[in-house]
Amino acid sequence: MKFSVKTWSKSNGTTARTGVFQLGNCPQIETPALLLSTRKGLPHFISPDLLPSLPLPDSSLLHVSPLHFMEGISSKTISSIGGLHKMLGLHDFGFAAVARDSIQCLPECSSTNKIGASFETPCGRLLIKPADYMGLISSLRPNLWATLADEVPAWVSKKRNQTSVDRTVKWLDECIALSPVELLLGAIVGGSDIEERRRCAQEVVKRNVSGYWIGGFGFGESTDERPALLSAVIGSLPKDGPRLISGLGLPEEVLQGVAAGIDLFDSSYIYHLTIGGFALTFPLHNKIYVSDLKKTGMGIYQTKINLKATVYRKDATPIVESCCCYTCQNHTKAYINHLLNVHEMLAQILLEIHNTHHYLGFFRSIREAIKEGRFEQFREMFIEKRRNHLAEVAVSA
């Protein structure tokens, strides 16, 4: 793994930065970057032969949860094949393994104990011990992995937050001792307690880790309290290690994370959009696609459109006319509306291609804004336009 910071934001009140990140055999990727959510190593609706249709190299980083492999093909079989890369034939992609995936493997703190972390999975509720987790990591052989953590929601007591940090640091030491792969991310938790977040970060920095995974977000903390929590963590970390976060998926949340100094985002946002029949349409590079959005009567700054709606039944235009993804170059809103309404899986395939392409473009716009010293203006303009659109929708409802 190689990581270096290239540009720091010149805006006051933000620690946003760009960098270059290389993992395994995948090409260099500029950060801030998005890790694509997967199910057992592959995007949920995109098959391996369609992966080249996504923007490269931005789509070369994949997030995988080792807990997905608690069912189906055994970890021993995967190990005998040669690991995840050889099994899937994705030799030029980088895999980052994190236990939580925000879709199917969610932490269940009430059942977590000193022995291991509890997760709600497709196999039911499972208690994952550090030794079990490291056995999965050893079999899968990801390029990068985060240690096991005790994630807790925002409403737990201070004592529970302290216990969460103590367990996470203890499991970090156990994972390091059992580690077959040197490139690991130390897990940082602490719920909504600023002091515990800071304490956890300071403890992790003392260990031999390659970077940092910031967990425990997206579990009930408010938007207003999140900057202080992020600042407490980032302020305790060295500048030379990559920082990956889970739980920040919405565009506004991503901008909040970038402003704090996050480099990598593990997000299930694209999956939830796609499964709901939504397509991203918000402007990139501050361009306004009036021709794409004016027909909806819902303003020009909307983030997404619902392609299940009858208004698109006869719409012979692409999702976004300026978009160069496979879906927009070859298909119309009317066709995707038809596919959704007859429950054809091709609808999700086409939507995931577009949504992934569009969201990666959003990250590209963020990087350009940081390099040009206008990130804070970019962020404020995006949020203001989004807020204005929501106000317009509320008035017209």
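Points worth noting:
- Checked against (1) open to solvent by 10 Å² or more (accessible area, probe 1.4 Å); (2) of a type in the set (S, T, N, Q); (3) farther than 20 Å from S65 by Cβ, S210 meets all criteria but (3).
- Hits in region 321-344 - residues which are among the hydroxyl-bearing types (S, T, Y) and in a helix (DSSP H, G or I): Y326, T327, Y335
- Subset of region 242-277 (residues that are part of a helix (DSSP H, G or I) and under 11 Å from A33 (Cα atoms)): V254, V258
- The number of residues in region 106-152 that are among the hydrophobic types (A, V, I, L, M, F, W, C) and in contact with a Cys (Cβ under 7 Å, 6 or more places away or on another chain) comes to 4.
- Verdict on L178 being touching a helix residue (DSSP H, G or I) at 6+ places or on another chain (Cβ under 6 Å), open to solvent by 60 Å² or more (accessible area, probe 1.4 Å) and closer than 25 Å to L23 by Cβ: yes
- Among the residues of this structure, G19 counts as one that is open to solvent by less than 60 Å² (accessible area, probe 1.4 Å) and at negative phi.
- Consider region 322-374 and keep the residues that are acidic (D, E) and either touching a Lys or Arg at 6+ places or on another chain (Cβ under 7 Å) or surrounded by fewer than 17 Cβ atoms within 10 Å (Cβ to Cβ) (or both). The one that is farthest from L280 (Cα to Cα) is E372.
- Test: residue in region 31-40 that is part of a loop (DSSP other than H, G, I, E, B) and at pLDDT 95 or above: yes
- Close pairs from region 1-17: first within 14 Å of I262 (Cβ to Cβ), partner outside any loop (DSSP other than H, G, I, E, B) and polar (S, T, N, Q), Cβ under 7 Å, at least 6 apart: R17/T7
- Selection within region 7-28 - closer than 19 Å to L255 by Cβ and touching a strand residue (DSSP E or B) at 6+ places or on another chain (Cβ under 6 Å): T7, W8, R17, T18, G19
- Test: residue in region 27-46 that is among the polar types (S, T, N, Q), open to solvent by 30 Å² or more (accessible area, probe 1.4 Å) and under 29 Å from H343 (Cβ atoms): no
- Positions within region 90-112 being surrounded by fewer than 17 Cβ atoms within 10 Å (Cβ to Cβ) and modelled with pLDDT of 95 or more, in sequence order: none
- Matching residues in region 215-254 - criterion: being open to solvent by 30 Å² or more (accessible area, probe 1.4 Å) and among the hydrophobic types (A, V, I, L, M, F, W, C): F219, A228, L250
Per-residue answers, yes or no, for (1) within 23 Å of L36 (Cα to Cα); (2) touching a Pro at 6+ places or on another chain (Cβ under 7 Å); (3) not in a helix (DSSP H, G or I):
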{"position": "V152", "(1), (2), (3)": "no, no, yes"}
{"position": "W155", "(1), (2), (3)": "no, no, yes"}
{"position": "T168", "(1), (2), (3)": "no, no, no"}
{"position": "E196", "(1), (2), (3)": "no, no, no"}
{"position": "F217", "(1), (2), (3)": "yes, no, yes"}
{"position": "S222", "(1), (2), (3)": "no, no, yes"}
{"position": "L229", "(1), (2), (3)": "no, no, no"}
{"position": "L237", "(1), (2), (3)": "no, no, yes"}
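- When G24, G13 are checked against the criterion of being more than 16 Å from N143 (Cβ to Cβ), open to solvent by 20 Å² or more (accessible area, probe 1.4 Å), more than 14 Å from the chain's Cα centre (by Cα) and small (G, A, S), a single residue qualifies: G13.
- Selection within region 302-319 - part of a loop (DSSP other than H, G, I, E, B) and over 23 Å from the mean Cα position of the chain (by Cα): L307, K308, A309, R313, K314, D315, A316, T317, P318, I319
The values are calculated or read from the model by the stated rules, or taken from the named source; none is laboratory data. Keep in mind the model is a prediction, meaning the values are calculated, not measured. Note that each Cβ is placed from the backbone with ideal geometry, even for glycine, and that neighbours are counted across all protein chains shown. Only protein heavy atoms, including side chains, enter the accessible area calculation; ligands, DNA and RNA are left aside. Shrake-Rupley method; radii C 1.70, N 1.55, O 1.52, S 1.80 Å.
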